[in-house]
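Enquirer: Below you will find the structure I want to go over with you.
Bear in mind these aren't lab numbers, they're just calculated from the coordinates by the rules spelled out. If you're wondering where the values come from, they're calculated on a predicted model, not measured in any experiment. Glycine also receives a Cβ, built like all others from the backbone with ideal geometry; neighbour counts cover every protein chain displayed.
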Amino acid sequence: MKLLILGGTAFLGRATAEEAVRRGFDVTTFNRGQTGPDVAGVEALRGDRDRDDDLAQLTGRSFDGVVDTCGFVPRVVGKSARLLAGSGAHYAYVSSISAVASWPANPALDGEEGRPCPSDAGLDDGDYGVLKAGCERAVTEVFGDRSTIVRAGLILGPHENVGRLTWWLRRMERGGEVLAPGVPHRPMQLIDARDIARFMLDSIERGTPGTFNVTGRAGNATMGSWLADAAAAVGSDVRLTWVDDDFLVGQDVEPWTDLPLWMPPGQDGDHAWHAETAAAQRAGLTTRPVSETVRDTWAWMAATGLRSDDPDGRFRNNGIAPAREEQLLEAWRAR
């Protein structure tokens, strides 16, 4: 199978390239070469997908499948989709559950229409979720039932470049008393990048059309279980101190970023961990245990020596500084 990956060197794109090479595919990647080294065994083409001269490298080539992991602007996605329309490929586009208008204030249901956004919208025509919905339309208008739209949930795993699990793992490595936000039984819904990669390549091989919420089953982890998994993976001696949601909000702790993946009730994100996945499961989605994802991510971090370049230990603006954490713990004890 001849596969083109738009992207292919960073997080999900890298996982897709590695899985495709493992399957014996003939893999070509097209990217700017700025976010990571190429996966061994791929044909690497360099270019910017918004430049016609760069895209011309793909003209006249045939592919069995295209995986688009780096499309964020509908106008740009439409340009590459139209160029590849005659390649004979099945097109898998990586969107986001953020493209669903009702989410996260309400659950993301299978088959929901995406947020209003035209397929030729530009960068300044909407926020992330709106533009992702426009990108979906840019693909389906060209490829129709030769397209699979993957509305990805919260993605974790080796090579994570967002700074969520990576921050928590480094925090566990420091040991000691750890501020654990909210309540330990709060359900979560997490997925490994490698499982999304498998789903997309299976969909291309089978020619599976449609739009799918692609994430873990609701409740496949809790805040308590995944923090325990992180502590166990690192092997550090930590003590989790659970701090009330309202207290943290009152202390101006920023949900989702100061304490990654913490979303307290009443912040317009009550259903952040509630996306239907039945359609994707019927189409073949399988997911590994979250504990395996956490363990493998730590093994990758340890092997590469990955550390934050922020003096306060944040990863890509995620996480809180040690002094701030201690201040919050002291305030919680003194309340």
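Enquirer: Across 10 Å bins from the origin, how do the percents of Cα pairs in the range 246-335 run, short distances first?
Expert: Binned Cα distances yield the sequence 13, 29, 34, 20, 4, 0.
Enquirer: Using +1 at the Cβ of each Lys and Arg and -1 at the Cβ of each Asp and Glu in the chain, identify which of SER102, TRP167, TYR91 lies farthest towards the dipole's positive end.
Expert: TYR91
Enquirer: Here's something else I'd like to know. Of ASP38, ASP53, how do they rank once you tally other Cβ atoms within 10 Å and put the fewest first?
Expert: ASP53, ASP38
Enquirer: Stokes-Einstein D for the range 86-231 at 37 °C, 0.692 mPa s, Kirkwood Rh over Cα pairs, in µm²/s?
Expert: This corresponds to a translational diffusion coefficient of 193 µm²/s.
Enquirer: Just want the answer: with Cβ charges of +1 for Lys and Arg and -1 for Asp and Glu, which residue in ALA331, LEU306, MET1 is farthest toward the dipole's positive end in the chain?
Expert: Looking along the dipole axis, the top candidate is MET1.
Enquirer: Moving on to the next point. Divide the volume of the convex hull of the Cα atoms of the range 223-297 by its number of residues and quote the answer in cubic angstrom per residue.
Expert: Expressed per residue, the convex hull around the Cα atoms of the range 223-297 is 117 Å³.
Enquirer: Next up: P(r) tail for the chain, what percent of Cα pairs lie past 32 Å?
Expert: The calculated P(r) of the chain puts 31 percent of pairs beyond 32 Å.
Enquirer: Additional query: Report relative contact order for the chain in percent, whole number only (criteria: Cα-Cα under 8 Å, sequence separation at least 6).
Expert: Computed over the chain, the figure is 18 percent.
Enquirer: For the range 2-152, I need the span (max minus min coordinate) of the C-alpha atoms along each principal axis, in Å, sorted largest to smallest.
Expert: Each principal axis gives a Cα extent; for the range 2-152 these are 43, 30, 30 Å.
Enquirer: By DSSP, what percent of the beta bridges with both residues in the chain are antiparallel, rounded to the nearest 5?
Expert: The antiparallel fraction comes to roughly 10 percent.
Enquirer: Next question. In terms of modelled amide H atoms, which long-range or inter-chain residues lie less than 5 Å from the amide H of ALA180?
Expert: Under 5 Å from the amide H of ALA180: THR241, TRP242, VAL243.
Enquirer: Hey, if you put +1 on the Cβ of every Lys and Arg and -1 on every Asp and Glu Cβ in the chain, which of ILE155, LEU201, GLN34 ends up farthest toward the positive end of that dipole?
Expert: With unit charges placed on the Cβ atoms, the residue in question is LEU201.
Enquirer: Taking neighbour Cβ counts within 10 Å as the exposure measure, how do THR286, THR297 sort from fewest upward?
Expert: THR286, THR297
Enquirer: Still on this structure, please answer the following. Only Lys, Arg, Asp and Glu count, each charged at its Cβ (+1, +1, -1, -1), so figure out the dipole size of the chain about its Cα centre, rounded to 20 debye.
Expert: 740 debye
Enquirer: Here's something else I'd like to know. Is there a quick way to get the dipole size of the range 2-152? I mean about its Cα centre, with the Cβ of Lys and Arg at +1 and of Asp and Glu at -1; what is the value in debye to the nearest 20?
Expert: It comes to approximately 260 debye.
Enquirer: Here's a follow-up. Principal axis lengths of the range 142-219 from Cα atoms, whole Å, largest first?
Expert: Result for the range 142-219: principal-axis Cα extents of 53, 25, 19 Å.
Enquirer: HN-Hα J couplings of the range 57-67 from phi, Karplus 6.51/-1.76/1.60, θ = phi - 60°, integer Hz, Gly and Pro as x?
Expert: 4, 8, 4, x, 8, 10, 9, 7, x, 10, 10
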